[in-house]
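Inspection log for the structure reproduced underneath, given as structure tokens.
The values are calculated or read from the model by the stated rules, or taken from the named source; none is laboratory data. This one's a predicted model, so the numbers in the text were calculated from it and none came from an experiment. Cβ: placed from backbone, ideal geometry, glycine included. Neighbour counts: every protein chain shown. Side chains are part of the model used for accessible areas, which takes the heavy atoms of the whole protein and leaves out ligands, DNA and RNA. Shrake-Rupley method; radii C 1.70, N 1.55, O 1.52, S 1.80 Å.
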Amino acid sequence: MELFFLAVLILTMAFALGSGFPVAFALPGAAIVSIGLAAGCGWLFADNVDAYFHTGGPAQWLSAGVTNLRGVYWEVERDTLIAIPLFIFMGIMLQRSKIAEDLLVTMAQLFGPVPGGLGISVIFVGALLAATTGIVGATVVAMGLISLPAMLRNNYSPSLATGTIAASGTLGQIIPPSIVLIILADQLASAVDQASTARKALHKEATGELSMPSVFDVSSTSAGEMFLGAFVPGMVLVLLYMAFVLGFALIRPKAAPAVPFEGQKDRRFWGQVFLTLVPPLTLIFLVLGSIIGGIATVNQAGAIGAAGALIMGGYRLVERSRYTYVPALIAIAGLLIIALALASFEMNIKAADSPDDFLGIGLGIIGALLLLWALLWSGWRVLKIEDTLKSVMLETAKTTALVFIILLGAAMLTAAFRGFGGEDLVRDFLDSLPGGFWVQFIIVMAVIFVLGFFLDFIEIAVVVVPIVAPILLADPSANITAVWLGVMIGLNIQTSFLTPPFGFALFYLRGVAPATVKTVQMYKGVIAFISLQLLALLIVGLYPPLVNYLPNRSSFLSDTAPPPRNPRLQYCLEEYVGEQLARADDPTRKAVADARGLDLSALPKGLAGDMKRALDSADAGMAALEKAFSQEKLVQAAAVDYLPRLREVREIEKSVRQLELAVRELDVGISRARGDDAAEERAEMEARRAELQAEIAAVKARIPADWKAVYTEFSKVSKVEDQARLTWRRSSDQSYEQAAGVLAVLQATPAFLALEADIRGLADTIVTADFEAAANRVEEVERQLRAVEGAGDIASGLGKVRRALGPRSQNRDKALEEYAAALDAFEEQKGWRPAADSLVPGIAAYLDGIRGTLGARVQPKLNRDQSLFMAVCQSDHRDLSLHF
């Protein structure tokens, strides 16, 4: 029966959306109707409101709804949703302040003389508006009102003109900052958690191990990473659009003729170009640059964008006078003062303790006050001129409320979909497809593409993504990143604005296009651009680094970059070290050879042994790494025959799990079928259960008889590689850490010798001072010695002296005896430390030579070269199926 109510849920939603019922109420309404019907029928016909649910029941669904409500509005982890109203405000403000109009006119004047120049200018401005507003409706309407008449007047093909404007207006969905990307990041965050749980369960079933290594876990994403990941694909799409328009103009010049500029390109013209282009470009740089550089979070960048849009609106809407640009200039001055203070002074008010610190803080306050003054002045202007600020705030509130209500409604719908077993049906369907992950992925993308003909991007993002994303992310054979999946879905969703019959960009453009432009011409015009979007989707799908590289680069170069010992970095770090060791000019081997030439006779036996073990570990580590690489090639060669058999067996085991799940469901049904009235139904279920048990046995019999031997043999080859890598990691760490410990002892010699007077002065203190004062003085010197590397034995001796003087013992003779032993230890170190000082340069040179290779894992953070290599190495998806 749960399938019946699942159909009720889907049909109710489809009917509500198709009849024009508001999306924000259609989604939760469909969930409430279907849940209510299922609960009511269960109460009437089965005396159990949970009877017709696949999992849980109305109470669990209601609990999930409360959880989702709390998650959207109160969870700190979902604070990126705050950026939505900020970016919406920025977009609406820039649109109402006619920035888009200025950009279109100026770019048309610049690019007009080029074949297809008007079309190229529309695409360029569409990209700029996408990076500043991200609101499709506003962009399409603005460009349709300004550019379409000009393109038609200059004999542009109506299909090309309308297709160019509609497609350029949709760029705001993929070029950051984008509301779509924020929503996708929010949805993928929970999908990652579900995928991680599923992958851990799969690893346990496949290997029998209770825990899965973190290196095999699913990678998460954030709104900032989504912005970074979408930037290059967005630029690829813009270049494809421009190349198409230029190529079309060259092949059919009459359909996209050049339009010469009739005016003069004098100083006034270029000044206007500067004032039109530089402010939006500067705002783009501040918003995206602050995110890419790790300076600001997405929320903070949204606040920067909103403030910048307000200031731009303040000088654009007002009539020209000598005070027109004063607020903007004040804002620039404030920003420059703040930047100077941050660059030149320590701006931590809690740690301020000098006149320079307070000077920097004072400058920062002045800059902030200037910026606040500029914002208030600009806001007053925008408020007084046609009440623009009020209308922008109202529109922002409406749009934001719509987005959040849809988020909540979609969460209710998704919970109902899961409650009726829809998620399990989707998973079973995708799992049953032959061809593995890529067939599943293509099917999902095709479904999203088709849904784009009928649904808006928000419905697709909040309804479809939570269902399919965990399934795709959990697959270890592809091991895709969440940011790549999000960008791929974002590119696909973008087509929903162009695909007939319900492409919203087409609706917006139809509303402002002249009657001479037929709707059929608009449909024909977008076909080429839909094809270009699919081509961009194919390019990004085949080359994941286009998405993954920038987020990785930003992460590894930031102050919060993962340390080199992070388990997820080891494979790429070993690749980096291997490349360095293979270089002819790499200093590692020379550093080890030179260190072996050092005369260690001046060192005590323990330190000399540490240094020798460090050098031996260096040789062992390099040998182990070479062995790991050679063994990896053997594993890859063996995997050619092994991997198909592994996938065959895993498919059989997956079929067994599905059959066992069906058996468990029948067990639940049998347990519910009580009494004589249900005897026939119970007998049918028991017969079906026996059939399934027989089918399970038959499916298990399909596992090849030699599979266990094949699995064992491959595991042996693979374990040799794993052991070699473990040996490398252990040996390389020791090669650096033990030598670094020796160097630290030798470098502490001056501090050690400086304590001689204090140590010798303790003799009189022990004899003459009272017990408490003597113990306190001994403890003070002991503490100073413990801060000196290599003086721990002497400090321990003084600890015995202190305890002998303590209140429990108060034995001066015992204290003097222990003091004499500690003094002998001091004299011993005083004898060899100065002689061993000559080894400091040689050991330091050894550590410098191996720091980036053998010592890479023990450094506090990756250096720049390592970070850039990590960014490239981790940008490709690595197949993990051999480990599952």
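Structure notes:
- Criterion violated by Val245 - all others in (1) open to solvent by less than 20 Å² (accessible area, probe 1.4 Å); (2) modelled with pLDDT of 85 or more; (3) farther than 20 Å from Leu110 by Cα; (4) in contact with a helix residue (DSSP H, G or I) (Cβ under 7 Å, 6 or more places away or on another chain) satisfied: (3)
- Checking each residue in the stretch 823-860 for being part of a helix (DSSP H, G or I), small (Gly, Ala, Ser), in contact (Cβ under 8 Å) with a residue 40 or more places away in the chain and open to solvent by less than 50 Å² (accessible area, probe 1.4 Å) picks out Ala836, Gly842, Ala844, Gly849, Ala856.
- The set of residues in the stretch 580-615 that are of a type outside the set (Ser, Thr, Tyr), part of a helix (DSSP H, G or I) and free of Cβ contacts under 8 Å to residues at least 40 places away in the same chain comprises Ala582, Arg589, Ala593, Arg596, Lys605, Gly606, Ala608, Gly609, Lys612.
- Selected residue [open to solvent by less than 50 Å² (accessible area, probe 1.4 Å) and touching a residue at least 60 places away in the same chain (Cβ under 8 Å)] from Ala724, Ala744: Ala724
- The set of residues from the stretch 371-395 being crowded, with 18+ Cβ neighbours inside 10 Å and small (Gly, Ala, Ser) comprises Ala374, Ser378.
- Scan the stretch 754-785 for residues that are loosely packed, with under 15 Cβ neighbours inside 10 Å and in a helix (DSSP H, G or I) and the total you get is 13.
- Search result, residues across the stretch 346-366 that are more than 33 Å from the chain's Cα centre (by Cα) and in a helix (DSSP H, G or I): Pro355, Asp356, Asp357, Phe358, Leu359, Gly360, Ile361, Gly362, Leu363, Ile365, Ile366
- So Leu473, is it under 28 Å from the mean Cα position of the chain (by Cα), open to solvent by 50 Å² or more (accessible area, probe 1.4 Å) and closer than 21 Å to Leu880 by Cβ: no
- Neighbours by Cβ (under 6 Å, 6+ apart or cross-chain): first from the stretch 262-288, assigned to a loop (DSSP other than H, G, I, E, B); second open to solvent by less than 30 Å² (accessible area, probe 1.4 Å) and not acidic (Asp, Glu): none
- When residues in the stretch 506-526 are screened for being touching a residue at least 60 places away in the same chain (Cβ under 8 Å), buried (at least 16 other Cβ atoms within 10 Å of the Cβ) and not aliphatic (A, V, I, L, M), 4 of them pass.
- Residues (open to solvent by less than 10 Å² (accessible area, probe 1.4 Å) and either among the basic types (Lys, Arg) or modelled with pLDDT under 90 (or both)) located in the stretch 572-594: none
- Checking each residue in the stretch 165-184 for being within 20 Å of Ala243 (Cβ to Cβ) and in a helix (DSSP H, G or I) picks out Ile165, Ala166, Ala167, Ser168, Gly169, Thr170, Leu171.
- Of note, Val326 satisfies the criterion of being surrounded by fewer than 16 Cβ atoms within 10 Å (Cβ to Cβ) and of a type in the set (Val, Ile, Thr).
- Being surrounded by 14 or more Cβ atoms within 10 Å (Cβ to Cβ), without any contact (Cβ under 8 Å) to a residue 40 or more places away in the chain and acidic (Asp, Glu) is a description that does not apply to Asp641.
- Candidates are the residues of the stretch 258-298 that are within 21 Å of the chain's Cα centre (by Cα) and open to solvent by 30 Å² or more (accessible area, probe 1.4 Å); the one that is nearest to Pro113 (Cα to Cα) is Phe285.
- Being within 30 Å of Leu573 (Cα to Cα), in contact with a Ser or Thr (Cβ under 6 Å, 6 or more places away or on another chain), hydroxyl-bearing (Ser, Thr, Tyr) and touching a residue at least 12 places away in the same chain (Cβ under 8 Å) is a property that holds for Ser219.
A quick yes/no check of all residues on (1) touching a residue at least 12 places away in the same chain (Cβ under 8 Å); (2) among the charged types (D, E, K, R):
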| site | (1), (2) |
| --- | --- |
| Asp387 | no, yes |
| Ser391 | yes, no |
| Glu395 | yes, yes |
| Thr400 | yes, no |
| Phe404 | yes, no |
| Gly409 | yes, no |
| Ala415 | yes, no |
| Arg418 | yes, yes |
| Leu425 | yes, no |
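- Residue check for Gly234: surrounded by 19 or more Cβ atoms within 10 Å (Cβ to Cβ), at pLDDT 80 or above and part of a helix (DSSP H, G or I): yes
- Test: residue in the stretch 861-879 that is closer than 22 Å to Tyr549 by Cα, part of a loop (DSSP other than H, G, I, E, B) and acidic (Asp, Glu): yes
- Considering Glu626, Glu648, the condition of being within 28 Å of Ala595 (Cα to Cα) and assigned to a helix (DSSP H, G or I) is satisfied by Glu626 alone.
- Scanning the stretch 318-343 for residues that are small (Gly, Ala, Ser) and either more than 17 Å from Ile295 (Cα to Cα) or in a loop (DSSP other than H, G, I, E, B) (or both) returns Ser321, Ala328, Ala331, Ala333, Gly334.
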